[in-house]
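Colleague: Structure below; questions to follow.
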Amino acid sequence: MEPLSEKQIRTSFVNCTKGEAARLKLPLGFAELPWEELDFLGWVDPGAPLRAHLVLPRTDGPLGITLRAPATKPSSAMKSSLCQICLTGHASSGVSLLAAPLAGVRGRQGNTVGVYVCADLACSLYLRGKRQPKLRVVRYEEDLTVEERVARATDNLDAFVAKVTGG
């Protein structure tokens, strides 16, 4: 992913108001992000821990989506969960259900779509082996290359984004 400026990020959001986009906090360590290892930028808002944000590269400019986490997260270290984007297995506390308001009128009416995703939104780093789940869970061996796993995750994320944007 090519590095993005703060302005590019804030103007990319399609499912929140301009005021909400202006108030969101950028990820901690924004200046030191490993852009070359990211397929998308994802972070939990440091100023509002029940909010998360995704910014995806697109040919016509970045596309941002804001998400909400439930106020309570019942989870158990004894159970495991799978991220629907990168298919990384975590203890269930390592995966969060995030809901995105739909873009446009449908979102203003309160309609949302959800996805179970790595709680830290670091799918790109898990795919490349740069980060490991906190607790070991059963890991299924795949014969896919890193590039093939990245392509699958990108397809999964694109399918979610299509639901949010109506495209």
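Any read-out appearing in this document is the output of simple, stated calculations on the displayed coordinates, not a laboratory observation. This one's a predicted model, so the numbers in the text were calculated from it and none came from an experiment. Here the Cβ positions follow ideal geometry from the backbone for every residue, glycine too, while neighbour counts run over all protein chains shown.
Colleague: Quote the FRET efficiency, to the nearest 0.05, computed for residue 68 versus residue 147 with a Förster distance R0 of 35 Å and r equal to the Cβ-Cβ distance. All intermediate terms of the calculation are to be shown ahead of the outcome.
Modeller: Working: r = 32 Å, r/R0 = 0.92.
Efficiency at R0 = 35 Å is approximately 0.60.
Colleague: Between residue 8 and residue 106, what length comes free when the chain is fully extended (0.36 nm per residue of separation minus the Cα-Cα distance, one decimal in nm)?
Modeller: 32.8 nm
Colleague: In whole Hz, with x marking every Gly and Pro, tabulate ³J(HN,Hα) for the stretch 61-67 from phi via Karplus 6.51 cos²θ - 1.76 cosθ + 1.60, θ = phi - 60°.
Modeller: x, x, 10, x, 9, 9, 9
Colleague: Next up: Tally Lys and Arg at +1 and Asp and Glu at -1 over the other residues with C-beta under 14 Å from the C-beta of residue 53: what net charge comes out?
Modeller: It works out to a net charge of +1.
Colleague: If I take every Cα pair under 8 Å that is 6 or more residues apart in the stretch 6-165, average their sequence separation and divide by the length, what percent do I get for the relative contact order? The partial results should precede the final answer.
Modeller: On the way: 281 pairs, mean separation 34.0, N = 160.
With pairs under 8 Å counted, the relative contact order is 21 percent.
Colleague: Mind checking the full-extension length gain between residue 20 and residue 50? Use 0.36 nm per residue of separation minus the Cα-Cα distance, one decimal, nm. Don't jump to the answer; show the numbers that get you there.
Modeller: Details: separation 30, 0.36 × 30 = 10.80 nm, distance 1.39 nm.
The residue 20-residue 50 span can extend by a further 9.4 nm.
Colleague: Once the Cα atoms of helix 146-165 and of the chain are each reduced to a long axis, what angle between those two axes, in degrees from 0 to 90 to the nearest 10, is obtained?
Modeller: That works out to roughly 40 degrees.
Colleague: Select from 105, 14, 150 the residue whose mean-square fluctuation is largest in a Gaussian network model of the chain (Cα-Cα springs shorter than 10 Å).
Modeller: 105
Colleague: Around residue 150, with a cut-off of 14 angstrom between Cβ atoms, what is the net charge of the other residues, counting Lys and Arg +1 and Asp and Glu -1?
Modeller: Cβ neighbours under 14 Å give a net charge of -4.
Colleague: So what J values fall out for the stretch 95-100 if you push phi through Karplus, 6.51 cos²θ - 1.76 cosθ + 1.60 with θ = phi - 60°, rounded to Hz, Gly and Pro as x?
Modeller: 10, 10, 7, 10, 10, 10
Colleague: How large is ³J(HN,Hα), in whole Hz, for each residue of the stretch 39-47 in order, when computed from phi with the Karplus curve 6.51 cos²θ - 1.76 cosθ + 1.60 and θ = phi - 60°, using x for Gly and Pro?
Modeller: 9, 7, 9, x, 7, 8, 5, x, x
Colleague: In debye to the nearest 20, how big a dipole does the chain give about its Cα centre with +1 on each Lys and Arg Cβ and -1 on each Asp and Glu Cβ?
Modeller: Rounded to the nearest 20 debye, it is 820 debye.
Colleague: Still on this structure, I have one more. Enumerate the amide H contacts of residue 113 below 5 Å, restricted to partners 5 or more residues apart or on another chain; note that Pro and chain-start residues carry no placed amide H.
Modeller: Close amide H contacts, sequence-distant or interchain: 100, 102.
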